[in-house]
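Undergrad: Please see the structure below; I have some questions.
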Amino acid sequence: MKGYLNGVALLLLSSYATAAQLEIKNIEYRYPNSTEIQYRVPWFTSADNPAVAKRINDYIFASFINQLPGNNPQTTVNQFAKSEMNPTANLDYTVEYRDTKVLSLNMFIEGCGAYCESYNVPLSFDLDNGAAITLNDLFSRSTMAELNTRIRKDIRGQIDAFVDAHKSQTPEQIKDEKGEDFNYVEFYASCATYTDGLYYIDKFSLQKDHLAFLNGRCSNHASRALDELGDFTTKIPTAELRDQLTPYGQYLAAAKSTKPVSPAPGIDGKVMYGTLGKSMRIVLKVDCKYGDYFEGAYFYQKFGAPIELTGKCGTADNQHYELKTSAAEQTQEKITLDLKDGVYQGVWESNGKTLPVRFE
């Protein structure tokens, strides 16, 4: 387990106008008949700004527990741990960075199916409102494409440097070291060569003076033991990107506290609260994967279980979205949203029935 926080920590997070305090504690689940922790999830509270804490908590639970936390988050984690359909073998986190504007976490997950695989998910949150920070908030689409190319080339450069460092080894020396015939050039030949889509900027976090992009290793599970490079981290100083940042991005990256700036409207990566029909409270949380399609769900706040949704990311100025449940569902649902007066509103449709829907 990778966590290092124990008990309750106090994060002093100052907003532009007043100082806000966000407390963090652990929600833990231990293996049955053991003292070893299997799941450790952060839980945030704030006496002066509870909405910030709620939005962060809802994001983490919707993303990694596959359920809204409800009135008793410990019970929700316990139920998640005991679910027969739960593929998560371990869950942990670390606080990577925090200042008066940004909180960055790293979530560590080990998932098991035919075999077990571990991976990390970096996250950053805006402490003024609790919203997750996405690249769409920080950069234009063209700049994101440039960053994707830059990161791919950086990964390729790391690989090439590593391969060059082993060119002096003879095949016999490599076989003696690896225990089998092995060719470094061939092993890494196809890594970081994908040029379609925004594949290499999918995982990132804001740090003190840079953006850190995380990409997974080159090897599959079967050849993992032969892969000496592992995951790739590319750090890009925010000073180099200042002129390319949106006004919101410039505000977050500013060394000194300034008046808060809101990001451009959009649903990507956001936990959004709304109503279905006259008064049914619902929560929407979808993420744009590789710059192309949404993956996510909406939740009835009363029940907390996800109803999975998909849709296309690239809409004109984030004005219009269409999100659907799987075509394999017995009764397909569709949510159509348009940005009007700063609010996403539209229609929910299913089996010939329509209801108004609205998200703040």
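Undergrad: Show the residue pairs that are 6+ apart or on different chains and have beta-carbon atoms under 8 Å apart, the first residue being within the stretch 190-211 and under 22 Å from Thr100 (Cα atoms) and among the basic types (Lys, Arg), the second being at pLDDT below 95 and part of a loop (DSSP other than H, G, I, E, B).
TA: Lys208/Asp99
Undergrad: Is it the case, given these coordinates, that Lys324 is within 17 Å of Ala132 (Cα to Cα), of a type in the set (D, E, K, R) and surrounded by 13 or more Cβ atoms within 10 Å (Cβ to Cβ)?
TA: Here the answer is no, as Lys324 does not meet what is asked.
Undergrad: Return the total of residues in the stretch 290-305 being charged (D, E, K, R) and not in a loop (DSSP other than H, G, I, E, B).
TA: Taking the stretch 290-305 and keeping what is charged (D, E, K, R), we get 292, 295, 302.
Subset that is not in a loop (DSSP other than H, G, I, E, B): 295.
The total comes to 1.
Undergrad: Let me ask something else. Restricting to the stretch 138-147, name every residue that is out of contact with any Ser or Thr (no Cβ under 7 Å at 6 or more places or on another chain) and crowded, with 16+ Cβ neighbours inside 10 Å.
TA: Thr143, Met144, Leu147
Undergrad: Do we have Leu198 as hydrophobic (A, V, I, L, M, F, W, C) and touching a strand residue (DSSP E or B) at 6+ places or on another chain (Cβ under 8 Å) here?
TA: Details: hydrophobic (A, V, I, L, M, F, W, C): yes; touching a strand residue (DSSP E or B) at 6+ places or on another chain (Cβ under 8 Å): no.
No; evaluated as a whole, the condition is false for this residue.
Undergrad: Right, another one. So which of Asp181, Asp176 ends up being farther than 19 Å from Arg152 by Cα, in a loop (DSSP other than H, G, I, E, B) and either of a type outside the set (Lys, Arg) or open to solvent by less than 30 Å² (accessible area, probe 1.4 Å) (or both)?
TA: Working: Asp176 fails: in a loop (DSSP other than H, G, I, E, B).
When all the criteria are applied, what remains is Asp181.
Undergrad: Among Asp287, Asp231, which is the only one that is under 30 Å from Gln67 (Cα atoms), open to solvent by 30 Å² or more (accessible area, probe 1.4 Å) and not polar (S, T, N, Q)? Talk me through it step by step, then tell me what you get.
TA: Details: Asp287 fails: open to solvent by 30 Å² or more (accessible area, probe 1.4 Å).
Checking each option against the conditions leaves just Asp231.
Undergrad: So Asp92 clears everything in (1) modelled with pLDDT under 95; (2) within 30 Å of Gly249 (Cβ to Cβ) except one condition, right? Which one?
TA: Only one criterion is unmet by Asp92, namely (1).
Undergrad: Can I ask one more? For residues that are surrounded by fewer than 17 Cβ atoms within 10 Å (Cβ to Cβ) and in contact with a Leu (Cβ under 9 Å, 6 or more places away or on another chain), scanning just the stretch 100-118, find the one that is farthest from Asn220 (Cα to Cα).
TA: Across the stretch 100-118, the extreme among qualifying residues is Thr100.
Undergrad: Continuing with the same structure: Between a residue in the stretch 220-237 that is on the phi > 0 side of the Ramachandran plot and any residue that is assigned to a loop (DSSP other than H, G, I, E, B) and open to solvent by less than 70 Å² (accessible area, probe 1.4 Å), which pairs come within a Cβ distance under 7 Å, given they are 6 or more apart or on different chains?
TA: Gly230/Arg217
Undergrad: State whether the residues of the stretch 303-316 include one that is acidic (Asp, Glu), in contact with a Lys or Arg (Cβ under 9 Å, 6 or more places away or on another chain) and either surrounded by fewer than 17 Cβ atoms within 10 Å (Cβ to Cβ) or within 15 Å of Leu355 (Cα to Cα) (or both).
TA: Residues of the stretch 303-316 acidic (Asp, Glu): 308.
Filter once more, keeping what is in contact with a Lys or Arg (Cβ under 9 Å, 6 or more places away or on another chain): none.
Checking the stretch 303-316: not a single residue is acidic (Asp, Glu), in contact with a Lys or Arg (Cβ under 9 Å, 6 or more places away or on another chain) and either surrounded by fewer than 17 Cβ atoms within 10 Å (Cβ to Cβ) or within 15 Å of Leu355 (Cα to Cα) (or both).
Undergrad: Still on this model: Among the candidates Leu123, Leu147, Leu138, which residue alone is at pLDDT 95 or above and closer than 25 Å to Arg40 by Cα?
TA: On inspection, the qualifying residue turns out to be Leu123.
Undergrad: With respect to Ala264, determine if the residue is within 22 Å of Ala131 (Cα to Cα) and in contact (Cβ under 8 Å) with a residue 12 or more places away in the chain.
TA: Here the answer is yes, as Ala264 does meet what is asked.
Undergrad: Limited to the stretch 231-289, what total is found for residues that are aliphatic (A, V, I, L, M), assigned to a strand (DSSP E or B) and under 28 Å from Tyr300 (Cβ atoms)?
TA: 8
Undergrad: Among the β-branched types (Val, Ile, Thr) and surrounded by 17 or more Cβ atoms within 10 Å (Cβ to Cβ), is that true of Val261?
TA: Here the answer is no, as Val261 does not meet what is asked.
Undergrad: Give just the number: which of (1) surrounded by 15 or more Cβ atoms within 10 Å (Cβ to Cβ); (2) modelled with pLDDT of 95 or more does Thr75 not satisfy?
TA: Evaluating Thr75 over (1) surrounded by 15 or more Cβ atoms within 10 Å (Cβ to Cβ); (2) modelled with pLDDT of 95 or more leaves (1) as the failure.
Undergrad: Restricting to the stretch 34-52, what's the tally of residues that are buried (at least 19 other Cβ atoms within 10 Å of the Cβ) and closer than 14 Å to Tyr273 by Cα?
TA: Matching residues across the stretch 34-52 total 1.
Undergrad: Could you please let me know if Ala254 is among the aliphatic types (A, V, I, L, M), open to solvent by 70 Å² or more (accessible area, probe 1.4 Å) and modelled with pLDDT under 90?
TA: The answer is no for Ala254.
The values are calculated or read from the model by the stated rules, or taken from the named source; none is laboratory data. All figures in this text were calculated on a predicted structure; none of them were measured in a lab. Positions of Cβ are generated from backbone atoms using ideal geometry, with glycine treated the same way; all protein chains shown enter the neighbour counts. With ligands, DNA and RNA removed, areas are computed over all heavy atoms of the protein, side chains included. Shrake-Rupley method; radii C 1.70, N 1.55, O 1.52, S 1.80 Å.
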